[in-house]
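Visitor: Can you keep this structure in mind? I'll have questions shortly.
All of the numbers you see were taken from the coordinates with simple rules; none came from a lab. Just so it is clear, the model here is predicted, and its values are computed rather than measured. Using ideal geometry, Cβ is built from the backbone for each residue, glycine included, and neighbour counts are taken over all protein chains shown.
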Amino acid sequence: MNVPRTPRLRGTAWAAVTLAAVLGGSAAVLPQSAAASPASSASPGQARVDAAVLDAVSAGQESRFFVVLKDRADLSTAKRAKGHGARAKTAFDALKAEAADSQKPLRAFLDRKKVGYESYWIANTLLVTTADKSVVEELAGRADVASIVKERTYRLDGVEAASQAAAAGSATAADAAGTVTPEWGVADIKADQVWDQYGDRGEGVVIANIDSGVQYDHPALVGNYRGNLGGGAFGHDYNWYDPTGQCGTSGTPCDNNGHGTHTMGTMVASGGVGVAPGATWIAAKGCESKSCSDASLLAAGQWILAPTDRNGQNPRPDLAPDIVNNSWGGGDTTFYQDIVEAWNSAGIFEAFAAGNDGDGTTCSTANAPGAQAPSYGVGAYDSNGKIASFSGFGPSLVDGSAKPNISAPGVNIRSTWPGSSYNTINGTSMATPHVAGAVALLWSEAPSLIGNIDATRTLLNDAAHDVDDTHCGGTADMNNVWGEGKLDILGAVDAAPHTAAVVSGRVVDKATGAGIGGITVKAAGDAVTRTVTTVADGSYRLTLPAGAYALTLSGYGYAAAGESDYAVVAGGDTTKDFTLDAVPHHALTGTVLDVTGKPLPGATVKVAGTPVAAVTTDASGRFTVPDVAEGAFTLTAAPAAPVRCNGPAAQPLTVDGDETATVRLPNRTDAGGTYSCAPVASAWIPGSTKVALTGDEDATTVSLPFPVRHYGTAYTRASVTTNGLVNFLAPRLGDYANTALPSTTQPHGVVAAFWDDLVLDKKSSVQTATTGTPGARRFAVVWNNAAFVAAPSVRISFEAVFDEATGAVTLQYKGIGSNPLQQGASATTGIENQAGTDGLGHSFDSPVLSDATAIRFTPKGA
């Protein structure tokens with residue numbers, strides 16, 4: 001195997017530890033001896049400040065950095081709570097409450113300084129953007145601030161492919177007799193023996209990854225995706241999260257790298273590829289593509305503890321996964337120790353790659369978070385039982401702890417790949433999901449261990465096969481090359497407390513006797529709730545600790561059934577079959593109306609949570625769903641694209657005969673629910689005071705007649721550009737090409753009245769005007785007769801109006817004719833917060849504007 005040793009990334013270090021990103025199948029190596037700039041400096045009583053932040057603001061350059069607070073939530077109550085859902089909710093509530101309380105004074109300070117920020121609760125930190133050195137100095141002197149850390153991006157390098165011979169040799173999924181042949185790594189850790197001896201493939205356990213995404217409909221993965229509703233229908237809310245925005249606005253999972261699909265496959269794929277092919281999976285895309293930003297990783301970490309809908313709203317900690325795989329890392333990280341401790345308090349087992357910076361000899365090459373004491377770090381070995389040349393060794397440079405914790409197969413690992421294919425690659429990234437999948441097998445067979453992180457680690461450690469290599473310190477039993485040794489999940493399962501029993505059976509149709517796939521079987525006890533889904537022939541398998549359970553069965557097209565008091569005795573495996581009655585089906589027709597009450601063509605209508613195919617409204621806004629089973633559902637409707645002010649709708653639907661429904665779309669809101677958008681009647685305000693703006697790519701700053709609040713921060717000055725922007729943060733920064741809002745790229749903190757490449761000539765002007773009396777004033781910024789650079793003879797007039805009483809901003813347009821440029825074919829309209837993490841785009845490169853159009857963005861509670 002050829003593992004590249006060429007440094008590919010140079011990043012500012014924290015505490016003088018080299019930042020080396022290792023998310024990837026092959027090593028992207030930055031030797032530990034490669035010194036970076038001094039990390040920080042701090043006077044007594046001051047917070048540590050990353051040198052890169054000081055360098056930037058001292059030069060008058062903008063910097064994005066995290067302000068880390070000293071206070072931490074008390075998670076002891078969460079650790080004592082009974083049941084996975086209760087522990088997750090208790091941890092979530094404690095973290096949210098601590099962040100809300102301890103961040104309040106800091107947020108007030110930043111508001112006074114007119115500085116934008118984004119708050120996080122899982123690590124109690126705020127992402128701040130400023131070029132003001134005095135603000136950084138004041139932040140460093142605050143008693144509630146622990147440190148100021150430059151926002152980082154961890155590089156995801158291209159994966160290192162294994163040799164063609166190795167790839168071909170491991171490509172068989174089934175032998176001639178039709179039995180599954182496990183991949184070498186699956187067999188080496190004895191996962192296949194757990195399947196055979198215990199009938200355990202990870203059923204009832206939910207596993208997740210934070211990675212580059214997952215091809216959710218890969219044939220080897222689609223069957224056990226939690227968002228698979230059956231019949232070709234999917235529900236991605238609470239099952240998929242993309243804080244990076246790379247997968248688009250539809251909320252559909254994607255993987256634009258391949259790494260995430262590969263790691264997920266090693267955990268749960270069918271065909272002998274995955275360690276726990278019976279487990280259910282969900283995923284968070286914490287890595288943009290070839291890199292993973294701190295902001296995205298933090299957001300993904302929060303989602304793991306409390307999954308949300310696709311808009312990041314309505315958190316459900318009861319839907320948190322049991323296990324999360326993290327095949328990424330780098331440097332002396334700041335936040336991940338906090339995240340790991342939060343996950344563990346909620347009973348979520350985490351596994352981290354130890355990193356690919358090794359050379360087979362040098363010690364202390366393991367990377368954080370896998371090299372941090374709270375994390376369970378994983379090294380890699382090959383099919384010959386030798387440690388991989390790239391596997392990171394301890395002891396940890398971060399905190400001196402012994403690392404890795406354990407080692408697993410990580411060379412020539414064949415797994416799923418986007419395009420419904422397979423790929424064979426190398427890395428500790430490939431070893432780590434073997435451990436995550438192994439825990440799924442362990443917890444499925446011994447559910448009394450679920451959430452018990454310490455006991456689970458002890459079982460894995462004690463069962464591991466020792467390898468005596470102490471050249472980096474340690475003992476034969478636990479050393480800094482292999483950790484506890486080679487993973488053996490059969491040994492761990494053998495040694496686990498077998499206080500459970502298997503309840504299995506078959507669910508069939510009463511009329512036909514045919515097995516029914518896709519039926520949810522839920523067993524709810526005092527401290528344990530487990531859910532599985534029947535396979536195609538109607539069979540299911542549940543492993544439950546001794547106790548009394550309420551068994552409930554539900555599935556589309558069938559009447560609910562179950563048993564209210566089902567007793568499970570330790571070791572008393574039982575068979576429990578169910579017969580379900582099919583329910584009648586009926587037709588559903590209706591109309592979708594937009595926010596103004598007009599019929600909306602092209603809207604997508606779904607009976608959510610069912611396999612019923614989605615339909616699209618016709619030119620009259622009408623839709624027909626010819627065949628819907630009786631039952632209580634949610635009917636959803638969404639516009640064809642996130643333009644104008646039409647938001648997605650969801651309303652109850654009860655089907656007990658032929659039904660007719662009218663769905664009116666609500667006003668669209670931003671992800672945080674801070675602003676809503678609505679069309680309003682136009683009330684044009686003529687400009688009266690000329691602004692000194694001319695030509696192309698010009699900007700100037702204007703004084704505001706009253707404080708204008710934008711995403712919680714009050715401003716008395718704002719910049720106005722020739723390109724149709726009002727910018728509260730900078731005179732101009734990256735506004736040369738319009739983007740959809742929100743955007744990770746500059747500018748941030750803007751009102752895009754009509755963001756396009758415009759020019760102001762002798763026929764054009766920008767003016768301001770103030771109307772009304774104090775307390776009820778309106779301030780307008782008016783672009784008169786602006787010309788398009790792409791077509792100078794085409795003109796447009798528009799304005800942004802700020803309301804003193806409500807805090808609303810209204811965008812208004814006049815003189816728009818049939819030209820697509822005037823209608824917004826190359827423009828952006830909308831608003832964005834100061835960090836670029838939230839916003840409300842009304843349109844992007846869409847010709848949706850007409851004469852006398854007016855759109856109002858109103859803050860919540862106004």
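Visitor: Just check region 585-664 against the gyration tensor rule for me: Cα atoms, a ≥ b ≥ c as the square roots of the eigenvalues, rounded for a/c under 1.5, and otherwise prolate or oblate depending on whether a/b exceeds b/c. Mind showing how you got there, number by number?
Guide: Values: a/c = 1.98, a/b = 1.78, b/c = 1.11.
Because a/c hits 1.5 or more and a/b exceeds b/c, region 585-664 counts as prolate.
Visitor: Still on this model: Work out how much length GLN46 to ASP509 would gain on full extension: take 0.36 nm times their residue separation and subtract the Cα-Cα distance, in nm to one decimal.
Guide: Contour length minus Cα-Cα distance gives 159.7 nm.
Visitor: Another question about this same structure. Extending each Cα 7 Å along its Cβ direction at THR181 and ASP93, get the distance between those two points in nm, one decimal.
Guide: Rounded to a tenth, the inter-label distance reads 5.4 nm.
Visitor: Round to the nearest 10 and give me the degree value, 0 to 90, for the angle of helix 336-345's Cα axis relative to the longest principal axis of the chain.
Guide: 60
Visitor: What are the ³J(HN,Hα) couplings of region 497-513, residue after residue, when phi is run through the Karplus curve with 6.51, -1.76, 1.60 and θ = phi - 60°? Round to Hz, x for glycine and proline.
Guide: x, 8, 9, 10, 9, 9, 10, 9, x, 9, 10, 10, 6, 4, 6, 9, x
Visitor: Using the Cα centre of region 585-664 as the reference point, and only Cβ charges (+1 on K/R, -1 on D/E), how large is the resulting charge dipole? Debye, rounded to the nearest 20.
Guide: 440
Visitor: What FRET efficiency, computed as 1/(1 + (r/R0)^6) with R0 = 41 Å and r the Cβ-Cβ distance, is obtained for ASP101 and ALA805, rounded to the nearest 0.05?
Guide: Between ASP101 and ALA805 the formula returns 0.85.
Visitor: What is the extension gain from ARG622 to VAL569, computed as 0.36 nm multiplied by their sequence separation minus the C-alpha to C-alpha distance, in nm to one decimal?
Guide: Here the segment from ARG622 to VAL569 would lengthen by 13.6 nm.
Visitor: Continuing with the same structure: Under a point spin-label approximation (7 Å from Cα along Cα-to-Cβ), what is the THR745-ALA524 distance to one decimal in nm?
Guide: The modelled label-to-label distance comes out at 4.9 nm.
Visitor: Report, to the nearest 10°, how far helix 428-445 tilts away from the longest principal axis of the Cα atoms in the chain, using its own Cα long axis and a range of 0 to 90°.
Guide: Between the helix axis and the principal axis of the chain, the angle is about 60 degrees.
Visitor: Same structure again: Enumerate the calculated ³J(HN,Hα) couplings along region 206-223 in order (Karplus 6.51 cos²θ - 1.76 cosθ + 1.60, θ = phi - 60°), each rounded to whole Hz, writing x wherever the residue is Gly or Pro.
Guide: Each residue's phi maps through the Karplus curve to give 9, 10, 9, 9, 10, 6, 7, x, 9, 6, 5, 9, 4, x, 8, 10, 5, x Hz.
Visitor: OK, next. Step through the residues of region 255-262 one at a time and calculate ³J(HN,Hα) from phi using the Karplus curve (6.51 cos²θ - 1.76 cosθ + 1.60, θ = phi - 60°), rounding each to whole Hz and writing x for Gly and Pro.
Guide: 9, 8, 10, x, 4, x, 5, 5
Visitor: While we're here: First measure r as the distance between the Cβ atoms of ALA560 and SER793, then evaluate 1/(1 + (r/R0)^6) with R0 = 51 Å and state the FRET efficiency to the nearest 0.05.
Guide: E(calc), rounded to 0.05, equals 0.15.
Visitor: Further question on the same structure: Give the relative contact order (percent, whole number) for the chain; include only Cα pairs under 8 Å separated by 6+ residues.
Guide: 9
Visitor: In addition: Going by a ≥ b ≥ c, the root eigenvalues of the Cα gyration tensor, does region 675-859 fall in the rounded group (a/c under 1.5), the prolate group (a/b larger than b/c) or the oblate group?
Guide: The shape class here is rounded.
Visitor: Sequence-distant or interchain residues sharing an amide H contact under 5 Å with LEU704, placed H: which?
Guide: When sequence neighbours closer than 5 places are left aside, the close amide H contacts are ARG717, ALA718.
Visitor: Here is a follow-up. By how many nm would the segment from ALA550 to ALA683 grow when fully extended, if each residue of separation counts as 0.36 nm and the alpha-carbon distance is taken off?
Guide: 41.8 nm
Visitor: Same structure again: Name the residue farthest towards the positive end of the dipole of the chain from the options THR694, GLY817, TYR736, assuming +1 on Cβ of Lys and Arg, -1 on Cβ of Asp and Glu, about the Cα centre.
Guide: Checked the options; the winner is THR694.
Visitor: Suppose R0 equals 45 Å. What FRET efficiency, 1/(1 + (r/R0)^6) with r the Cβ-Cβ distance, do ARG316 and GLU138 give to the nearest 0.05?
Guide: 0.70
Visitor: Along the Cα→Cβ direction, 7 angstrom out, place labels at THR458 and ALA59. What is the inter-label distance in nm?
Guide: For THR458 paired with ALA59, the spin-label model returns 5.4 nm.
Visitor: Quick check on my link table: of LYS522/LYS576; LYS96/LYS522; LYS190/LYS486, which ones sit more than 18 Å apart, alpha carbon to alpha carbon?
Guide: LYS96/LYS522, as the Cα separations exceed 18 Å there.
Visitor: Same structure, new question: Which residues in region 786-820 have a backbone N closer than 18 Å to a point placed 7 Å from the Cα of ARG777 along the Cα-to-Cβ line?
Guide: Within reach of a label on ARG777: 800-810.
Visitor: Can you pull the Kirkwood radius for the chain, inverse mean 1/r over Cα pairs, to one decimal in Å?
Guide: Working: mean 1/r = 0.0346 Å⁻¹.
Radius from the Kirkwood sum: 28.9 Å.
Visitor: Among VAL625, ALA681, GLY647, which residue has its Cα furthest toward the positive end of the charge dipole of the chain, with +1 on Lys/Arg Cβ and -1 on Asp/Glu Cβ?
Guide: ALA681
Visitor: Okay, next question. Quick one: which residues, 5 or more positions from VAL794 or on another chain, have an amide H under 5 Å from its amide H? H modelled 1.01 Å from N in the peptide plane, none for Pro or chain starts.
Guide: Those lying under 5 Å, H to H, from VAL794 are PHE788.
Visitor: Now for a separate question. Counting each pair of different Cα atoms once, what's the Kirkwood radius of region 469-600 in Å, rounded to one decimal?
Guide: That comes to 18.8 Å for region 469-600.
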